[in-house]
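Comments concern the structure below.
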Amino acid sequence: MSFDLEAGLAARRAAGLYRERRIAQSPQSPLRKFPGGELLTFCSNDYLGLANHPAVGAALVRGAQQWGVGAGASHLLAGHTAAHHALEEELADAVGRPRALLFSTGYMANQGVLGALLDRRSAVYSDQLNHASLIDAARLCQARVSVYRHGDARHLAEQLAADGAPRRLVITDGVFSMDGDLAPLVELATLARQSKAWLMVDDAHGFGVLGPGGAGSVAQAGLDGDAVPVLMGTLGKALGCFGAFVAGSEALIETLIQHARSYIYTTALPPALAEATRAALRLARAESWRREKVQALVARFRAGAGQLGLPLLESTTPIQPLIAGSAQRALAWSAHLERRGLLVPAVRPPTVPEGTARLRIVLTAAHEEAQVDRLLDALAGLPDWA
Ligand SMILES: *Cc1c(COP(=O)(O)O)cnc(C)c1O
């Protein structure tokens, strides 16, 4: 393979797979300014509308006044502050686990956990539609990887029965990031327990949104720390901030502090950001109207889409994908919406499987009913969807 990068880029463009960044000129919010004008957006993971909340911004400013900007070092050297520590305790409390550990990103949290817990003698069982960060983490830790069919506990059971590795970890998204559906957590937890495997749930899209107080998909399923020993959540989605955490037992967190390379060999998050996240977490836990509002908008959207006969995936979460099939068709749909002032980007392979390019429509608590209706009106006129 030569370094003819231009040819590679041209081929990608020809296949309708070229990705381009759009330059936002105003903060995260449903109505946003872009160079071409204002667009009504349905594509952020800011599910509770906290990314641009004044109290969260004020906490960031106060945090910067108190702590300055950079943490200055990794957590194990001198980067771990009282702000980080308080946030960890509050996150552990929010998900009902003894402890939590902050990571710089969800991508790094997944890598850190698998690397710390598994090695080449271990086995990982991974849902076919898991997030790329779990897939990459599984590759990097060198464990044997078995991919089970999406949401298929029976297929997982067959794979568990066929393998007797000393450490076995089942990994799944709680809410699947591109489909919006829920993993069958109760079944997975039962299987894992029967097989003496551990279950790890990546709840990037469930934490803050689902379950009592926004504790997430695992709490919504009624599962505790014995059923789900490793719980990962992110802070850049429903909390509107940045970063991630892993929650679990005392021994799990101490093991991660000793062995998780993506925790040890990186600079701690800015402490001001930890203060902002504490403010966002308080709002997310206390203001359940945000969860109720986004769920009501989801119900309104699904009822309207049902009347139009739109091919929505089965999803009860704020992620409401509309399958187009080919990348070109998804791009045409997205362009159609943009001409009507709406931003819903096309999600294409390799982010989703071949032939399932889609509009990933996302609703948030910051949207209004009239905006959902505007989306439905525009979707009614989509070319060629039937
Ligand atoms: C976004 C996401 C991640 C990565 O989290 P970051 O903090 O953005 O790195 C991990 N897992 C899932 C399922 C995600 O959707």
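Only helical runs count toward this figure. For the chain, summing -39,500 (n - 2.57) over DSSP H runs of n ≥ 4 and dividing by all residues gives -12500 deg cm²/dmol at 222 nm. About its Cα centre, the chain has a charge dipole of approximately 520 debye under the convention of +1 per Lys or Arg Cβ and -1 per Asp or Glu Cβ, with nothing else charged.
The distance separating the Cα centre of segment 153-222 from that of segment 270-300 comes to 24 Å. Each Cα pair under 8 Å and six or more residues apart adds its separation to the average, and for the chain the resulting relative contact order is 23 percent. Shape summary: the chain maps onto an equivalent ellipsoid whose semi-axes, from the alpha-carbon gyration tensor, are 32, 27, 22 Å in decreasing order. Across segment 141-280, the mean sequence separation of Cα contacts (distance under 8 Å, 6 or more residues apart), normalised by length, yields a relative contact order of 16 percent.
If you take the Cα centroid of segment 326-386 and the Cα centroid of segment 29-81, the two points sit 26 Å apart. Between LEU134, VAL69, HIS367, the Cα set farthest toward the positive side of the dipole of the chain (charges on each charged residue's Cβ, about the Cα centre) is that of VAL69. Only the Cβ atoms of Lys and Arg (+1) and of Asp and Glu (-1) were treated as charged; on that basis the dipole of segment 290-386 about its Cα centre amounts to roughly 180 debye.
Run through the DSSP bridge list for the chain and note the antiparallel percent, rounded to the nearest 5. Before the final figure, lay out each step's value.
On the way: 24 of 43 bridges.
Counting only bridges with both partners in the chain, antiparallel ones make up about 55 percent.
Scan the chain and report its longest stretch carrying no GluC sites (Glu not before Pro) that are both in a DSSP loop and have at most 14 other Cβ atoms within 10 Å. Value returned for the longest uninterrupted segment is 21-313.
Hydropathy at least -1.0 by Kyte-Doolittle, axial extent at least 24 angstrom from the Cα trace: which helices of the chain, defined as entire DSSP H runs, fit? Write out the running numbers ahead of the final one.
Working: long enough: 288-308 (30 Å, -0.42).
Membrane-span-like by this rule: 288-308.
I need to check one value: relative contact order of segment 334-386, counting alpha carbon pairs closer than 8 Å and at least 6 residues apart, in percent. Provide the component values of the computation, followed by the final result.
On the way: 34 pairs, mean separation 17.6, N = 53.
It comes to 33 percent, rounded to a whole number.
Please go through segment 1-101 and write out the chymotrypsin sites (Phe, Trp or Tyr not before Pro) that DSSP classes as loop and that have at most 13 other C-beta atoms within 10 Å.
On the way: sites: PHE3, TYR18, PHE42, TYR47, TRP67; in loops: PHE3, TYR18, PHE42, TYR47.
For chymotrypsin sites (Phe, Trp or Tyr not before Pro) across segment 1-101 that sit outside H, G, I, E and B with at most 13 neighbouring Cβ atoms in 10 Å, the list reads PHE3.
Summing +1 for each Lys or Arg and -1 for each Asp or Glu among the other residues whose beta-carbon sits under 15 angstrom from that of ALA370 gives 0.
Our estimate of slack between ASP377 and ALA73, defined as 0.36 nm per intervening residue step minus the Cα-Cα distance, is 104.3 nm.
Every number here is computed from the coordinates shown, using simple stated rules; none is lab data. Predicted model only: the values in this text are computed from it and were never measured. So basically every Cβ, Gly included, is an ideal-geometry build from the backbone, and we count neighbours across all protein chains shown.
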